[in-house]
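Note sheet for the following structure.
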Amino acid sequence: MNDFFAKIWAWVESTHIQEQVADVDYVGLFSNPWFLVPFVTLVLYLLYKQSFKDLIIVSAFIGVWWVSGTEYMNTLVVGEELQIEKVLPVLFGGAAVLGGIIYMIFGRSD
């Protein structure tokens, strides 16, 4: 079982996703018309259709993306050691967000 998770972790490290998220130029992204026009169009369309559930899900994804690039997330692993006192709030916060999204998708009817 540990070999399975080791392979998955090695693949995640090989993609360099954490570095890519940390190196995103937020100001450049939100001032780039190739990103901003479709994003604003999507938000306005969701508001027009009154699809607040989808708007909340998009906001949650943007929030998770923003949180993953904060300094707090960079300090989760110091050296080769995982800081368990910092991982638990992230774990419970992620579980709450995921639970809310699952509830909105499957638990509620519009």
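The values are calculated or read from the model by the stated rules, or taken from the named source; none is laboratory data. The structure displayed is predicted, hence computed values, not measured ones. Cβ sites come from the backbone with ideal geometry, for glycine too, and all protein chains shown count toward neighbours. Accessible surface areas use protein heavy atoms only, side chains included; no ligands, DNA or RNA. Shrake-Rupley method; radii C 1.70, N 1.55, O 1.52, S 1.80 Å.
List of remarks:
- Debye equation applied to the C-alpha atoms of the range 63-110, log10 I(q)/I(0) at 0.17, 0.21, 0.28, 0.30 Å⁻¹: -0.60, -0.77, -1.04, -1.10
- Recomputing mean projected area of the Cα convex hull in nm² from the coordinates shown identifies the correct label among (i) 9.5; (ii) 9.1; (iii) 7.0 as (i).
- Per residue solvent-accessible surface (Å²) - the range 38-81, probe of 1.4 Å: 75 Å²
- R0 of 25 Å, Cβ-Cβ distance residue 75-residue 20: FRET efficiency to nearest 0.05: 0.85
- The ellipsoid that matches the Cα gyration tensor of the range 1-56 has semi-axes, each √(5λ) in whole angstrom, of 34, 19, 7, with the longest given first.
- Label-zone membership for the range 13-55, site residue 83, 7 angstrom Cα→C-beta point, backbone N under 20 Å: 18-23
- Signed unit charges on C-beta, dipole axis of the chain, positive-most listed residue 45, 95, 11: 45
- Element breakdown for the range 20-110 at a 1.4 angstrom probe: carbon and sulfur atoms account for 70% of the accessible area.
- In the range 7-110, trypsin sites (Lys or Arg not before Pro) in a DSSP loop with at most 11 other beta-carbon atoms within 10 Å: 49, 108
- Size of charge dipole - the chain - debye, nearest 20, with Cβ of Lys, Arg +1 and Asp, Glu -1, no other charges: 620 debye
- In the chain, a dipole from Cβ-located charges (positive for Lys and Arg, negative for Asp and Glu) runs towards its positive end, and of 75, 104, 34 it is 104 whose Cα lies farthest in that direction.
- Which of 106, 5 is most accessible, then next, and so on - probe 1.4 Å: 106, 5
- Distance in nm between pseudo-label sites at residue 34 and residue 53 (7 Å out along the Cβ direction from Cα): 3.4 nm
- Here the extension length gained between residue 2 and residue 41 equals 9.6 nm, from 0.36 nm per residue of separation less the Cα-Cα distance.
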